[in-house]
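Peer 1: I'd like to ask some things about the structure below.
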Amino acid sequence: MGQMGFFTDTTLCIGCKACEVACKQWNQLPDDGFRLTGMSFDNTGQLGASTWRHVAFIERPEALPGQGSPLDGAQLADGAFSWLMMSDVCKHCERAGCLEACPTGAILRTEFGSIYVQPDVCNGCGYCVTACPFGVIDRRTDDGRAWKCTLCYDRLKEDLVPACAKACPTASIQFGEIGELKERARQRVDHLHERGVGQAYLYGADAANQPGTEGLHAFFLLCDVPEKYNLPPDPVVPTKKLGESWRAMAWGVAGLAALAVGSVLSARSGP
Amino acid sequence: MMRRPDEQARRPDEEVRRPGEEVRETIPPVDGRNIDPEVGALMGEGALQRVRDVNAPPHGEASWIGPPPSDVPDTPVPTYYGVPALKEPVWKGYIPGYFYVGGVSGACAALGAAAELMDGRAMASLSRRCHLVAAGGSIGSAALLIADLGRPARFLNMLRVFRPSSPMNVGTWILSAFGACAGLAALPSIVPVPRTVRRMADVASVGAGIFGLPLTAYTGVLLAGSAVPLWQGARRVMPILFACSAAASAASLLDLFPARGRASVAVHRFGAAAKVAEVALTVALERQVAAVPRVAAPLRTGVTGGLWRAAQGLLAASLVTSLIPGWHKRLRIFGALLGTAGAVALRFALLDGGRRSARDPVATFEQQRAGRGAREVPELESPRRHPESERSGAAASGEGGFELTDRGQHA
């Protein structure tokens with residue numbers, strides 16, 4: 001099986017939320033309640049236990065080349081406005097924080113390279129929730145277990161494309177073999193630069209691009225700083241820094257042992 | 001799922017019955033899926049997700065829907081409507097409670113083993129008390145950990161793998177080994193046992209002391225192994241702080257029932273030295289975290305800030321009582337109470353502080369912009385600029401990609 005993933009080209013996203021709906025329908029996820037957030041057209045808010053796709057809407061008070069109809073000379077709000085829309089999803093990191101933190105082995109990497117939570121093993125300890133540098137995986141309170149995007153494991157087993165990519169009407173969500181997607185993504189960036197969209201860049205495409213995660217299996221083409229899309233600028237899998245903590249623990253343990261022995265010995269020999 | 005037309009035409013309270021079919025008494029579950037199990041099968045990847053309350057906030061109590069949280073004032077750092085970039089820890093009060101109970105029992109076992117090995121005869125009562133605290137604490141620890149799980153019945157799944165990359169998994173193995181040793185070590189103090197068992201208990205007491213040492217400190221590694229900015233910032237200090245604080249708490253607990261003699265002197269010295277280190281390490285932790293001021297905000301403002309300062313004050317006061325020379329029984333008990341309260345407050349402040357820290361996207365972003373994300377990992381040499389934009393020359397024009405060190409983009 002090849003390593004599969006998503007390339008999400010945000011310049012093509014029109015914010016239709018078909019991916020959100022397709023994901024909910026196919027995976028038979030419960031709704032999250034119907035609330036208005038006041039955040040542009042985003043009434044979903046964030047990814048969560050029962051929300052595995054989330055479309056972000058950013059109203060930018062500056063122009064983005066290519067938006068509007070340049071041929072007619074028409075521009076959005078006198079050229080001082082542009083939309084950023086992004087369909088967010090689990091990144092299926094090459095070094096996955098959730099997977100490395102999971103104490104039960106409930107989280108594993110599949111033959112497609114995706115990260116999968118086994119609902120029949122997860123005991124709801126909540127450690128993966130704190131370990132994800134993207135705030136993706138979450139524990140559902142009334143279910144008690146952690147849930148996230150499965151990269152439509154059941155569909156991949158049947159040679160089907162994940163529901164969100166299938167439903168996307170503009171090819172903003174592209175599914176395929178990772179190497180092929182990266183090549184396509186680089187060509188797309190070059191193409192956009194030629195067309196004057198110099199802001200376009202790839203987020204998390206490989207280890208050189210995002211060393212903290214060693215690359216994402218679901219990477220993005222963005223046109224502004226990652227923070228605007230609620231993506232961390234320099235995410236890191238917590239385990240990469242854990243050596244320092246284990247070393248500190250060794251000092252703590254040695255100190256405690258010395259303290260216990262020392263206090264007993266000093267009391268024996270002292271007054 | 002669509003109902004068949006003939007069913008739709010019926011009144012909803014009318015029973016649907018065909019020849020040979022059971023009378024249908026159940027109504028479709030209200031689980032936010034709108035799937036009639038009679039018509040559509042629940043087979044999706046998320047179909048097993050249990051829904052008790054459709055109207056519950058989607059992210060539990062940590063729900064973020066509505067106006068931005070007050071923790072996010074207007075800042076030049078862009079955020080997505082102030083929505084947290086991380087999911088906040090889902091742990092309840094059981095976990096800081098466990099940090100205290102597990103720490104105390106681990107440190108007690110270590111002190112008890114040292115007393116038994118070095119000065120067994122004179123300190124028999126101390127090592128006996130230590131064994132009882134360790135055994136009781138290990139049971140309490142397991143109970144607290146199980147209570148915090150989303151699926152408590154599956155606690156033993158923790159032991160179906162050994163995974164060194166997960167401090168929680170390693171910790172569960174440590175606690176299991178510790179519990180077995182501590183239980184056996186305490187057995188002769190509870191029931192009369194034959195001599196062979198007594199000898200095994202002596203060996204187990206050493207085992208409990210050995211496993212008790214990492215039990216006090218691994219919890220600091222556990223918190224550090226998270227994406228929470230506060231805990232990541234404190235990752236070099238927390239394990240040592242937890243070990244020292246466990247020792248100080250154990251001494252405080254033993255001092256609640258003070259006795260005179262050599263054992264008491266040992267407990268007193270054990271506690272006093274640990275308290276000095278504990279207070280110093282809280283200061284060190286705050287300084288280390290404050291390298292990025294926004295990350296230290298939970299320890300300096302609001303309720304968690306108050307709790308943190310209260311913990312520091314209580315621990316310092318307890319230290320002062322330990323340094324007063326001479327034997328004053330009431331003072332000992334007073335100091336022990338202060339130390340216990342301080343230790344509990346310290347753990348709750350760190351946990352709630354982490355929760356607030358995760359909720360603040362500016363803390364997450366600023367920490368990483370300040371070079372304390374992946375760039376802090378020694379073996380990584382993070383590229384300063386995205387290679388794609390460099391390749392096309394857009395970087396030179398200052399348009400493409402983003403610069404990790406470029407704070408100007410925030411303005």
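The values are calculated or read from the model by the stated rules, or taken from the named source; none is laboratory data. Note that the coordinates shown come from a computational prediction; the quantities given were computed from them, not determined experimentally. Glycine also receives a Cβ, built like all others from the backbone with ideal geometry; neighbour counts cover every protein chain displayed. Surface accessibility is based on the protein's heavy atoms, side chains included, excluding ligands, DNA and RNA. Shrake-Rupley method; radii C 1.70, N 1.55, O 1.52, S 1.80 Å.
Peer 1: Does region B:57-69 include one or more residues that are modelled with pLDDT under 75, in contact with a helix residue (DSSP H, G or I) (Cβ under 9 Å, 6 or more places away or on another chain), under 30 Å from A:Gln46 (Cβ atoms) and not in a helix (DSSP H, G or I)?
Peer 2: yes
Peer 1: If A:Val197 passes every condition in (1) part of a loop (DSSP other than H, G, I, E, B); (2) free of Cβ contacts under 8 Å to residues at least 60 places away in the same chain but one, which one does it miss?
Peer 2: Looking at each condition in turn, A:Val197 falls short on (2).
Peer 1: Return the residue satisfying two criteria in turn: it lies in region A:214-232 and is open to solvent by less than 10 Å² (accessible area, probe 1.4 Å), assigned to a loop (DSSP other than H, G, I, E, B) and within 8 Å of another protein chain (Cβ to nearest Cβ), and of such residues it is farthest from A:Phe57 (Cα to Cα).
Peer 2: Ranking the candidates gives A:Pro232 first.
Peer 1: Within region A:156-178, is even one residue of a type in the set (Lys, Arg), closer than 22 Å to A:Met4 by Cα and without any contact (Cβ under 8 Å) to a residue 12 or more places away in the chain?
Peer 2: Scanning region A:156-178, I find at least one residue that is of a type in the set (Lys, Arg), closer than 22 Å to A:Met4 by Cα and without any contact (Cβ under 8 Å) to a residue 12 or more places away in the chain, so the answer is yes.
Peer 1: To continue, here is another question. Kindly evaluate B:Arg160 against the criterion of being in contact with a Ser or Thr (Cβ under 7 Å, 6 or more places away or on another chain), of a type in the set (D, E, K, R) and surrounded by fewer than 19 Cβ atoms within 10 Å (Cβ to Cβ).
Peer 2: Values: in contact with a Ser or Thr (Cβ under 7 Å, 6 or more places away or on another chain): yes; of a type in the set (D, E, K, R): yes; surrounded by fewer than 19 Cβ atoms within 10 Å (Cβ to Cβ): yes.
Answer is yes for this residue.
Residue-wise test of (1) of a type in the set (D, E, K, R); (2) more than 23 Å from B:Gln368 (Cα to Cα); (3) open to solvent by less than 50 Å² (accessible area, probe 1.4 Å).
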| residue | (1), (2), (3) |
| --- | --- |
| B:Pro293 | no, no, no |
| B:Pro298 | no, no, yes |
| B:Leu307 | no, yes, no |
| B:Val320 | no, yes, no |
| B:Ile324 | no, yes, no |
| B:Trp327 | no, yes, no |
| B:Leu337 | no, yes, no |
| B:Ala345 | no, yes, yes |
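Peer 1: Using the structure shown, decide if A:Thr104 is on the phi < 0 side of the Ramachandran plot, at the interface with chain B (Cβ under 7 Å from one of its Cβ atoms) and modelled with pLDDT of 95 or more.
Peer 2: It is true that A:Thr104 is on the phi < 0 side of the Ramachandran plot, at the interface with chain B (Cβ under 7 Å from one of its Cβ atoms) and modelled with pLDDT of 95 or more.
Peer 1: Looking at this structure, is B:Asp202 at pLDDT below 95, under 14 Å from B:Ala110 (Cα atoms) and either in contact with a Lys or Arg (Cβ under 8 Å, 6 or more places away or on another chain) or more than 9 Å from chain A (Cβ to nearest Cβ) (or both)? Steps first, please.
Peer 2: Values: at pLDDT below 95: yes; under 14 Å from B:Ala110 (Cα atoms): yes; either in contact with a Lys or Arg (Cβ under 8 Å, 6 or more places away or on another chain) or more than 9 Å from chain A (Cβ to nearest Cβ) (or both): yes.
Answer is yes for this residue.
Peer 1: Just need a number here: residues in region A:37-65 that are open to solvent by 20 Å² or more (accessible area, probe 1.4 Å), over 22 Å from B:Val51 (Cβ atoms) and part of a loop (DSSP other than H, G, I, E, B).
Peer 2: Selection size over region A:37-65: 7.
Peer 1: Right, here's the next one. Looking at (1) open to solvent by 10 Å² or more (accessible area, probe 1.4 Å); (2) part of a helix (DSSP H, G or I); (3) in contact with an Asp or Glu (Cβ under 8 Å, 6 or more places away or on another chain), find the lone condition where A:Ala207 falls short.
Peer 2: A:Ala207 satisfies all of (1) open to solvent by 10 Å² or more (accessible area, probe 1.4 Å); (2) part of a helix (DSSP H, G or I); (3) in contact with an Asp or Glu (Cβ under 8 Å, 6 or more places away or on another chain) except (2).
Peer 1: Still on this model: Is it the case that region B:190-209 has a residue that's open to solvent by less than 30 Å² (accessible area, probe 1.4 Å), hydroxyl-bearing (Ser, Thr, Tyr), assigned to a helix (DSSP H, G or I) and within 18 Å of B:Gly137 (Cα to Cα)?
Peer 2: The answer is yes, given that some residue of region B:190-209 is open to solvent by less than 30 Å² (accessible area, probe 1.4 Å), hydroxyl-bearing (Ser, Thr, Tyr), assigned to a helix (DSSP H, G or I) and within 18 Å of B:Gly137 (Cα to Cα).
Peer 1: Now for a different question. Right, A:Leu192: within 25 Å of A:Ile115 (Cβ to Cβ), more than 8 Å from every other protein chain (Cβ to nearest Cβ), touching a residue at least 60 places away in the same chain (Cβ under 8 Å) and not in a loop (DSSP other than H, G, I, E, B) or not?
Peer 2: Taking the combined requirement at face value, the residue does not satisfy it.
Peer 1: Scan region B:263-282 residue by residue and report those that are touching a helix residue (DSSP H, G or I) at 6+ places or on another chain (Cβ under 8 Å) and surrounded by fewer than 18 Cβ atoms within 10 Å (Cβ to Cβ).
Peer 2: Across region B:263-282, the qualifying residue is only B:Val276.
Peer 1: Moving on to the next point. Restricted to region B:144-198, and to residues that are in contact (Cβ under 8 Å) with a residue 60 or more places away in the chain and in contact with a His (Cβ under 6 Å, 6 or more places away or on another chain), which residue is nearest to the other protein chains (Cβ to nearest Cβ)?
Peer 2: B:Ala185
Peer 1: Report whether or not B:Leu331 is outside any loop (DSSP other than H, G, I, E, B), more than 19 Å from B:Leu126 (Cβ to Cβ) and open to solvent by less than 30 Å² (accessible area, probe 1.4 Å).
Peer 2: The answer is no for B:Leu331.
Peer 1: Are any residues in region B:216-260 in a loop (DSSP other than H, G, I, E, B), open to solvent by 10 Å² or more (accessible area, probe 1.4 Å) and more than 9 Å from chain A (Cβ to nearest Cβ), and if so, which ones? Reasoning before the result, please.
Peer 2: The first filter runs over region B:216-260 and keeps only residues in a loop (DSSP other than H, G, I, E, B), leaving B:225-228, B:234-237, B:256-260.
If we keep only those that are open to solvent by 10 Å² or more (accessible area, probe 1.4 Å) too, we end up with B:227, B:236-237, B:256-260.
Those that are in a loop (DSSP other than H, G, I, E, B), open to solvent by 10 Å² or more (accessible area, probe 1.4 Å) and more than 9 Å from chain A (Cβ to nearest Cβ): B:Leu256, B:Phe257, B:Pro258, B:Ala259, B:Arg260.
Peer 1: Any idea which residue in region A:111-136 is surrounded by the fewest Cβ atoms within 10 Å (Cβ to Cβ), counting only those that are aliphatic (A, V, I, L, M) and at the interface with chain B (Cβ under 7 Å from one of its Cβ atoms)?
Peer 2: Checked region A:111-136; the qualifying residue surrounded by the fewest Cβ atoms within 10 Å (Cβ to Cβ) is A:Val121.
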